[in-house]
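> Here it is, the structure in full.
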Amino acid sequence: MRLNKTMAALLTGSALLAAAPLAQAETFRWAFQGDTQTMDPHGLFESFSLGLQSNLYEGLVRRNEKMEFEGALAERWEIVSPTVWRFHLRKGVKFHNGNDFKADDVVFSGQRINTKGSDMKVIAALIKDIKAVDDYTVDVTTPAPNPILVQQLEIFYIMDKQWSEQNKTTEATSVKGGNEGNYANLHANGTGPFMLKERQPGVKTVLVRNPNYWGKIPGNVTEGIFTPIAQDATRVAALLSGNVDLAYPVPVQDWKRLKDAPGVKPLTGAEARTIFLGFDQARDELKYSNVKGKNPFKDVRVRKAFMQAINIDAIKSKVMRGASRPSAVMIAPQVNGYNAAVDKRMPYDPKAAKQLLADAGYPNGFEVTMDCPNDRYVNDEQICQAVASMMARVGVKVKVFAQTKSKYFGKVLAQNGYDTSFFLLGWTPSTFDAHNPIASLFACRGGPDKLGSFNLGGYCNPKINELAARIQSETDAKKRQAMIDEANTIHRDEVGHVPLHQQPLSWGVSEKVSVVQRPDNWMPLRFVKVGK
């Protein structure tokens, strides 16, 4: 999606239509391989959690079923100066508890994403200040001109200031753990099309239709029941038996089984999520390795050796059953700024990898532990095991430490001090623009620019931060693309991370259900229709 096209597609009032009365109540049941760790909309920057929360909470803008931007809690907006955006808020909107939505709630939410437990520092870095002009107008000041700000605000969910103060939840919930008593972690009070009826972490989450929703709900679902089912076989069996209407992800090897089974079908597509490996390049000594007194990942030759030791075509054919798209860069073709000319991967060459390791001082390899989720991405643990097997062939012994995503994220994210030496992660740019991974994953972390908050390994080239700032404010499309290409080339050549592939969207769905399959794998209930 090009910048000028995106901006031209912004709508202002199309969602004002009242929801039509439903002929009958419809329940939709769906299952995912893991649960959300929190209902706090500022607690975890993870697409599944943000997607689930999008049914309850809303931002100033949102995407429609065609992934085009439209107004949500803001009806319209304009740029009043190079660094100030004015948002005119929608009147008559109420939170689920009946409180009125006003500008103070936007200001409060802007403050809350800056609190210690917030995992939304990527959004916080975009905003220098938010001021209420009046009850239904806010001015958002950015650190520098930012022509794509609106694209970046879909996941800036607005919370009720009064409700948060009453329930002592004015600070975000940390996913590190020990903060489960935070009221917003287990309760919700948004303005979205659905309300939280029941939350049993690890068991089920029940959402019910908001009868006072301000906008149109195209679907007919009145109740949504979400159940986390960790095991692939159990999740597929629940779909085949009719216990759930939709299950995801479905192992790619089960696609044919679903095609042949009555009443269900696979729903597949290209996801804009890149799966990649990362290294701790910040510590002088790795926490989880037999190498003492130095960090082998600080040496680009070691990182290149890992890249050349991994047979990405074998992972595609054997682990992903041909359904993945190997990549040399950290963005998918669907993302604005992708350039196929830069997407050129180093060749698979174990002999060259062994030579690089020897040149770096590790002729016999070394040992390292790899952190891996086992319920977050398509075949995530299997990918990690395949990588470990391939690294063993060049003398590197990789111990895979796979665990459920709640424990995995609690370990590797900033709130726990980036407690990892080697890891697998996936990333979908929330803006569908290349600036997002450059600023979040590539940029040096910990600086005054607040960039690099998801740069778990601490890769750092100051040139990337400089380019990120310029990309953010550049309005000339050709100049902006050249800077994106430069950042991607630097990161690729220095092997800041090891991109593996873009995974497929892999859903199994009942034939009586119609859904919108977003390329970021979200599940917007307002578009779901049950029944023929």
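The values are calculated or read from the model by the stated rules, or taken from the named source; none is laboratory data. All values derive from a computational prediction rather than experimental measurement. When we count neighbours, we look across all protein chains shown, and the Cβ atoms used for this are built from the backbone with ideal geometry, even at glycine. These accessible areas exclude ligands, DNA and RNA; they are computed on the full protein's heavy atoms, side chains included. Shrake-Rupley method; radii C 1.70, N 1.55, O 1.52, S 1.80 Å.
> Considering 325, 321, which residue is in contact (Cβ under 8 Å) with a residue 24 or more places away in the chain and at positive phi?
So the residue among 325, 321 that is in contact (Cβ under 8 Å) with a residue 24 or more places away in the chain and at positive phi is 321.
> Then there is this: Counting only residues that are more than 16 Å from residue 128 (Cα to Cα) and either buried (at least 20 other Cβ atoms within 10 Å of the Cβ) or free of Cβ contacts under 8 Å to residues at least 24 places away in the same chain (or both), how many does segment 76-97 have? Don't jump to the end; show me each part of the working.
So the first thing to find is which residues in segment 76-97 are more than 16 Å from residue 128 (Cα to Cα), and the list is 76-78, 88-97.
With either buried (at least 20 other Cβ atoms within 10 Å of the Cβ) or free of Cβ contacts under 8 Å to residues at least 24 places away in the same chain (or both) added as a condition, the list becomes 77-78, 89-90, 93, 95-96.
Residues that pass the stated criteria total 7.
> Within segment 349-404, which residues are open to solvent by less than 20 Å² (accessible area, probe 1.4 Å) and among the basic types (Lys, Arg)?
Correct list: 376 only.
> Considering only residues of segment 103-120 that are acidic (Asp, Glu) and crowded, with 20+ Cβ neighbours inside 10 Å, which is nearest to residue 161 (Cα to Cα)?
The selected residue is 105.
> Of the residues that make up segment 142-162, is at least one within 19 Å of residue 38 (Cα to Cα) and of a type in the set (S, T, N, Q)?
No - not one qualifying residue is present in segment 142-162.
> Test residue 131 against the criterion of being free of Cβ contacts under 8 Å to residues at least 24 places away in the same chain, out of contact with any Cys (no Cβ under 6 Å at 6 or more places or on another chain) and among the basic types (Lys, Arg), and give yes or no.
Working: free of Cβ contacts under 8 Å to residues at least 24 places away in the same chain: no; out of contact with any Cys (no Cβ under 6 Å at 6 or more places or on another chain): yes; among the basic types (Lys, Arg): yes.
When the stated conditions are applied, residue 131 does not pass them.
> Which residue pairs have Cβ atoms closer than 6 Å, lie 6 or more positions apart in sequence or on different chains, and pair a first residue in segment 32-56 that is within 21 Å of residue 72 (Cα to Cα) with a second residue that is of a type in the set (Ser, Thr, Tyr) and open to solvent by 10 Å² or more (accessible area, probe 1.4 Å)?
Note: pairs meeting the criteria are 47/428.
> Where in segment 314-427 are there strands (runs of 3 or more DSSP E), lying wholly inside it, with at least 3 residues that are of a type in the set (A, V, I, L, M) and touching a strand residue (DSSP E or B) at 6+ places or on another chain (Cβ under 8 Å)?
On the way: elements: 367-373, 397-403, 422-427.
Counting at least 3 such residues, we get 397-403.
> Does residue 133 satisfy the criteria of being assigned to a strand (DSSP E or B) and either under 18 Å from residue 53 (Cβ atoms) or among the aliphatic types (A, V, I, L, M) (or both)?
Considered against the rule, which asks whether it is assigned to a strand (DSSP E or B) and either under 18 Å from residue 53 (Cβ atoms) or among the aliphatic types (A, V, I, L, M) (or both), residue 133 comes out as yes.
> Could you grab the pairs with beta carbons closer than 7 Å, sequence gap of 6+ or different chains, first residue in segment 252-270 and open to solvent by less than 50 Å² (accessible area, probe 1.4 Å), second one among the basic types (Lys, Arg)?
As it stands, the answer is 252/321; 258/265; 266/259, since those pairs meet every condition given.
> Moving on. Given 490, 484, which one is under 25 Å from residue 347 (Cβ atoms), open to solvent by 10 Å² or more (accessible area, probe 1.4 Å), part of a helix (DSSP H, G or I) and of a type in the set (A, V, I, L, M)?
Working: 484 fails: open to solvent by 10 Å² or more (accessible area, probe 1.4 Å).
Checking each option against the conditions leaves just 490.
> A further question on this structure: Which condition number in (1) part of a helix (DSSP H, G or I); (2) in contact with a strand residue (DSSP E or B) (Cβ under 7 Å, 6 or more places away or on another chain) is the one that residue 28 fails?
For residue 28, the exception is condition (1).
> Okay, next question. Looking only at segment 270-313, filter to residues that are in a strand (DSSP E or B) and among the polar types (S, T, N, Q); which one of those is farthest from residue 370 (Cα to Cα)? It would help to see each step written out before you state the result.
Looking only at segment 270-313, we keep the residues that are in a strand (DSSP E or B), and these are 270-279, 289.
This time we only want the ones that are among the polar types (S, T, N, Q), so: 274, 289.
On the way: 274: 18, 289: 10 Å.
Filtering segment 270-313 for residues that are in a strand (DSSP E or B) and among the polar types (S, T, N, Q), the one farthest from residue 370 (Cα to Cα) comes out as 274.
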